[in-house]
Amino acid sequence: MISMQQFILRQPAAPEETSTDRYYLDLSNHLVKVATERHLFPSYPEKVVERGAMALIGYYQDVICDAGIWRTFITENRCLYGRTLPFYDTDSSYQDVELNKEDVRFMVWYAFSMTYEELRVRNPLDDELIYGADEWWSELEKVYDDSPMPVDYRMTHELEIHAEEDREALLKLGNWLFMHCYLMTPAFSLTLSEMAWRFDLSKEEQLIEFQKALEKAISEEPTGPLALYTGEWLYLIVEGKMPPQKRSKEEKEEHKYYKAFTAATGGSEIKFLGDYEEMNCFFIDALGWAEGEEHLPQMKKEHDFILMVDREKGMLLAKNIARCIAAPENPLYDKEYAKAHAMELLTVRGCCPADLLHIVCRNGWLPDAVFPGSDDHRLVADNYDFIARCYLQLYYRGD
């Protein structure tokens with residue numbers, strides 16, 4: 001059972017309890033009870049179901065009062081992808097900022113997948129998730145018209161980004177969005193776990209360092225299903241638009257490797273290499289690195305390399321993934337291997353550098369990527385950018 005302490009932690013007014021918290025806590029626990037009694041989500045432990053229920057009730061509170069978070073999410077989806085939601089088709093019956101069955105399906109997939117490592121890469125159209133989500137939607141639909149307006153959920157209203165008197169409220173909103181908002185925290189959970197592993201939280205000095213790392217993450221790391229930075233979320237929620245982009249007037253020089261690399265590849269910015277010896281020869285023969293040396297010796301046990309060069313950034317290296325890339329000039333592509341591993345490029349952090357992944361996906365060179373247990377290649381191809389944002393976060397959005 002979800003406790004009031006657990007529930008309040010996710011509310012905008014935390015640590016204070018508001019007059020509507022008890023109602024929405026009870027509704028969260030009702031969803032958990034329904035899941036238990038009807039044997040919904042049998043693949044997931046109760047704690048994951050509880051987290052999923054709290055995330056869904058966060059969405060539910062949002063749409064009841066139009067807090068602006070969900071509205072921002074679907075608006076940005078339409079801007080980025082020309083559709084309201086990833087994975088799930090919507091028709092004329094869909095109503096913005098109302099309780100929609102498709103929204104509940106997305107929230108269930110998102111909350112469960114992001115917070116349960118054992119089934120992290122789960123097909124959004126899986127029957128178990130769809131059936132359970134629809135049962136939860138039905139329960140919420142029964143009480144939708146009678147649910148009270150959640151206290152403090154409208155804190156996004158009447159704020160102005162550049163108003164001095166709103167600075168404190170905007171700071172509070174940004175911190176809550178990043179650390180406790182129903183839409184952001186599932187995607188940040190893996191990052192948070194990775195951060196926590198670096199510290200011994202039983203020691204006071206280590207706890208202080210962990211808190212500093214969290215504060216740094218709020219300002220420097222993206223979060224949420226679209227991997228937007230806190231400033232981007234704030235601008236979109238408060239202003240309805242992305243923050244202005246800083247344009248660099250500085251003209252960068254061509255990187256020293258670019259001309260030699262493309263000359264050796266006949267103009268291509270990508271080179272596929274089967275093993276370390278082949279790659280080391282390319283470094284020496286094409287780039288002019290010192291002869292007779294083993295360059296990047298830490299890569300000697302790796303294989304299936306991809307080198308990519310950018311005119312300004314220089315060269316990057318990816319290992320053990322070339323067999324997944326169906327580029328016309330890639331002799332290493334292995335369709336059977338790719339069927340089992342191509343999805344990892346979109347879901348495993350650090351597997352494929354972001355610049356390379358963008359090019360691979362834009363060119364349709366990842367045709368074998370599917371969710372486990374599915375053969376729906378189109379579902380992944382149509383949603384690759386969202387999938388990468390959601391799973392990879394900084395590893396995809398970072399420069």
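What does the charge add up to near E165, with Lys and Arg as +1, Asp and Glu as -1, over the other residues with Cβ less than 14 Å from its Cβ? Cβ neighbours under 14 Å give a net charge of -3. Separation of the alpha carbons by more than 22 angstrom is noted, of K47/K216; K259/K300; K216/K313; K319/K339, for K47/K216; K259/K300; K216/K313. The magnitude of the dipole of the range 212-356, with charges of +1 and -1 set on the Cβ of Lys/Arg and Asp/Glu and taken from the Cα centre, is near 520 debye. Note that the range 114-166 carries a Kirkwood radius of 15.3 Å, evaluated over its alpha carbons pair by pair.
Near P45: Cβ cut-off under 12 Å, other residues only, Lys/Arg at +1 and Asp/Glu at -1. The net charge is -2. Centre-to-centre, using Cα atoms only, the range 221-299 and the range 330-376 are separated by 18 Å. All other residues whose Cβ lies under 11 angstrom from that of D304 are scored, Lys and Arg at +1 and Asp and Glu at -1, for a net of -2. Accessible area per residue for the chain is 50 Å², calculated with a 1.4 Å probe on protein heavy atoms, without ligands, DNA or RNA.
In the range 43-97, Cα pairs under 8 Å separated by at least six residues give a relative contact order of 25 percent.
Using the Kirkwood radius over Cα pairs, work out the Stokes-Einstein diffusion coefficient for the range 244-399 at 37 °C and 0.692 mPa s, in µm²/s as a whole number. The Stokes-Einstein estimate is 196 µm²/s.
The distance between label points at S374 and L171 comes to 4.3 nm (points 7 Å beyond Cα on the Cα→Cβ vector). Qualifying GluC sites (Glu not before Pro) in the range 1-108, where qualification requires a DSSP coil assignment and no more than 15 other C-beta atoms within 10 Å, comprise E16, E98.
Among the listed options (i) 28.6; (ii) 25.2; (iii) 23.3, the one matching Kirkwood radius over Cα pairs in Å as calculated from these coordinates is (iii). Modelled spin-label separation between D310 and F199, with each label point placed 7 Å from Cα along the Cα-to-Cβ direction: 3.0 nm.
Would you compute, from DSSP H runs of 4+ residues alone, the mean residue ellipticity of the chain at 222 nm, taking -39500 (n - 2.57) per run and dividing by the full residue count, rounded to the nearest 500? It comes out at -15500 deg cm²/dmol, rounded to the nearest 500. Carbon-plus-sulfur accessible fraction, the range 166-272 (probe radius 1.4 Å, protein heavy atoms only): 50%. Each label was represented as a point 7 Å from its Cα along the Cα-to-Cβ direction; for L80 and E294 these points are 4.3 nm apart. The residue among L31, I208, Y333 whose Cα reaches farthest toward the positive pole of the charge dipole of the chain, with charges on the beta-carbon of Lys, Arg, Asp and Glu, is Y333.
The values are calculated or read from the model by the stated rules, or taken from the named source; none is laboratory data. Only a predicted model underlies this, so the values are computations on that prediction, with no experimental measurement involved. Cβ atoms come from the backbone with ideal geometry, glycine included; neighbour counts cover every protein chain shown. Accessible surface areas use protein heavy atoms only, side chains included; no ligands, DNA or RNA. Shrake-Rupley method; radii C 1.70, N 1.55, O 1.52, S 1.80 Å.
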